[in-house]
Amino acid sequence: MKTYGVIMAGGGGTRFWPLSRKARPKQFLNLSGKDTMVMDTANRLSKIAGTEDIFVVTSESHRDMTVELTKGTLLANHILGEPAARNTAACIGYAAMEIIKKYEDGIMVIVPSDHFIKDEAEFTNVMNRAVKIAEVTDRLVTIGIKPTFPCTGYGYIKNIESEDERYREVLEFVEKPNLETAEDYLISGEYAWNSGMFVWKASTILKYFERLLPDIYAYLVKIGNAMGTESEAAVIRETYPIIPKISIDYGIMERADGVLMLEGDFGWNDVGSFDALEDVYGSDENGNVNMANAHVIDTKDCILYGTNGSKLIAALGVEDLIIAQTDDVVLVCDKNRAQDVKLFVEQMAGTDSERYL
């Protein structure tokens with residue numbers, strides 16, 4: 001059975017403001033030093049599925065930009081535009097229906113567009129194993145990341161060994177824990193970080209939609225019936241915005257039976273906020289990550305990031321700060337508050353400062 005890559009690229013990246021903006025959110029930025037995040041993801045997936053078999057699901061407002069950024073690598077008609085953000089269940093269901101209607105069926109390798117993978121060879125190895133398991137077992141497969149510290153920012157997957165050594169059996173999905181609980185999870189060895197990466201047949205996930213999310217399934221069928229017809233675009237624009245908002249985790253994964261997990265140990269980071277850049281770039285002898293035109297004196301454990309054309313950053317005698325500069329905004333943030341940068345986006349919405357979003 002053929003393998004198809006699906007890149008989820010519809011997020012807003014608000015924790016990376018002011019680098020990430022409405023017009024060009026995080027997944028379309030070059031944060032790795034190689035290429036845009038969506039292209040880094042496509043290049044990784046090309047080792048598992050051919051570039052002609054990779055889909056990107058993004059906002060309709062970003063579709064043209066995605067087509068341009070991936071030109072020469074991905075097919076333009078494989079860039080799927082969502083008229084409204086309806087969370088990951090709709091996104092994945094839309095891609096599954098597209099594969100069913102165009103190619104009858106196939107194995108979907110579904111990944112977010114904003115992950116950093118240090119060991120790409122091991123990533124390819126794990127994903128290829130997951131593809132084979134999904135094809136043979138006809139079950140839902142997820143990738144759990146081997147925890148390296150008691151993180152409170154990720155969801156967890158409780159899992160146990162199975163008779164088949166190729167995978168583990170999933171017992172439950174757990175919400176983000178407090179520190180004490182996360183420490184217990186790490187010690188137990190029965191928990192993995194929930195990466196949000198999935199592998200399954202398109203036909204299999206649509207059966208779960210029909211059983212567990214019948215209201216969403218009905219909308220997907222309506223969209224699927226219009227695919228390839230003159231009314232396709234109109235039906236998608238009419239139907240998509242009324243699909244219920246729910247994540248694939250809440251809607252299906254937490255309720256499905258017999259979910260399998262492969263453990264990934266390939267240097268994974270979800271690059272959710274500025275502090276993740278320490279993993280991407282590494283730090284110097286003073287603990288600083290300097291990705292800017294910057295001069296520092298007696299400065300420790302800081303992250304400095306400047307876009308092309310931004311002014312010089314000079315930091316003296318400071319610690320544990322994020323200093324990010326674009327041509328029109330300077331962000332100064334306690335590094336321990338990196339997750340809260342999105343609060344600026346919420347605060348500025350609907351005000352005179354909205355032009356900075």
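The values are calculated or read from the model by the stated rules, or taken from the named source; none is laboratory data. Because the structure is predicted, anything quoted here is derived from the model rather than measured. FYI the Cβ positions are ideal-geometry reconstructions off the backbone, even for glycines, and counts take in every protein chain you see.
Of all residue pairs spaced 6 or more apart or on separate chains, those with beta-carbon atoms under 8 Å, a first member in the range 52-73 that is closer than 17 Å to ALA84 by Cα and a second member that is among the aromatic types (Phe, Trp, Tyr) are VAL57/TYR94; HIS62/PHE28; MET65/PHE28; THR66/PHE28.
Looking only at the range 161-176, filter to residues that are modelled with pLDDT of 90 or more and within 19 Å of ASP249 (Cα to Cα); which one of those is surrounded by the most Cβ atoms within 10 Å (Cβ to Cβ)? Reasoning before the result, please.
Of all residues in the range 161-176, those modelled with pLDDT of 90 or more come to 167-174.
With within 19 Å of ASP249 (Cα to Cα) added as a condition, the list becomes 168-174.
Values: ARG168: 21, GLU169: 15, VAL170: 25, LEU171: 14, GLU172: 11, PHE173: 18, VAL174: 17.
Going through the qualifying residues, I end up with VAL170.
Just for the range 178-218: of the residues that are hydroxyl-bearing (Ser, Thr, Tyr) and part of a helix (DSSP H, G or I), which one is surrounded by the fewest Cβ atoms within 10 Å (Cβ to Cβ)? Looking at residues that are hydroxyl-bearing (Ser, Thr, Tyr) and part of a helix (DSSP H, G or I), I get SER188. Checked against (1) under 18 Å from PHE198 (Cα atoms); (2) polar (S, T, N, Q); (3) surrounded by fewer than 17 Cβ atoms within 10 Å (Cβ to Cβ), THR88 meets all criteria but (3). Taking (1) closer than 26 Å to ASP275 by Cβ; (2) assigned to a strand (DSSP E or B); (3) of a type in the set (Gly, Ala, Ser) in turn, GLY81 satisfies each apart from (1). When the range 290-303 is filtered for residues that are modelled with pLDDT of 95 or more and within 18 Å of PRO18 (Cβ to Cβ), the ones remaining, listed by number, are CYS302, ILE303.
Okay, residues lined up against (1) farther than 28 Å from GLY228 by Cα; (2) in contact (Cβ under 8 Å) with a residue 40 or more places away in the chain:
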residue: ALA90; (1), (2): no, yes
residue: ILE100; (1), (2): no, yes
residue: ILE117; (1), (2): yes, yes
residue: ILE133; (1), (2): yes, yes
residue: ILE143; (1), (2): yes, yes
residue: GLY153; (1), (2): yes, yes
residue: VAL170; (1), (2): yes, yes
residue: TYR185; (1), (2): yes, no
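Being assigned to a loop (DSSP other than H, G, I, E, B) and of a type in the set (D, E, K, R) is the filter; apply it to the range 1-42 and report the residue that is surrounded by the most Cβ atoms within 10 Å (Cβ to Cβ). Going through the qualifying residues, I end up with ARG21.
Just wondering, is there one or more residues in the range 316-336 that are assigned to a helix (DSSP H, G or I), crowded, with 16+ Cβ neighbours inside 10 Å and in the same structural domain as MET127 (by TED's automatic domain parsing)?
First, the residues of the range 316-336 that are assigned to a helix (DSSP H, G or I): 335-336.
Restricting the remaining residues to those that are crowded, with 16+ Cβ neighbours inside 10 Å gives 335.
This time we only want the ones that are in the same structural domain as MET127 (by TED's automatic domain parsing), so: none.
The answer is no, given that none of the residues of the range 316-336 is assigned to a helix (DSSP H, G or I), crowded, with 16+ Cβ neighbours inside 10 Å and in the same structural domain as MET127 (by TED's automatic domain parsing).
For the range 264-308, a residue qualifies if it is assigned to a strand (DSSP E or B) and closer than 30 Å to TYR167 by Cα, and the qualifying residues are GLY264, TRP268, ASN269.
Taking the range 148-160 as the range and being over 26 Å from MET108 (Cβ atoms) and either surrounded by 12 or more Cβ atoms within 10 Å (Cβ to Cβ) or not assigned by TED's automatic domain parsing to the domain that holds GLU122 (or both) as the test, the residues that pass are PRO150, CYS151, THR152, GLY153.
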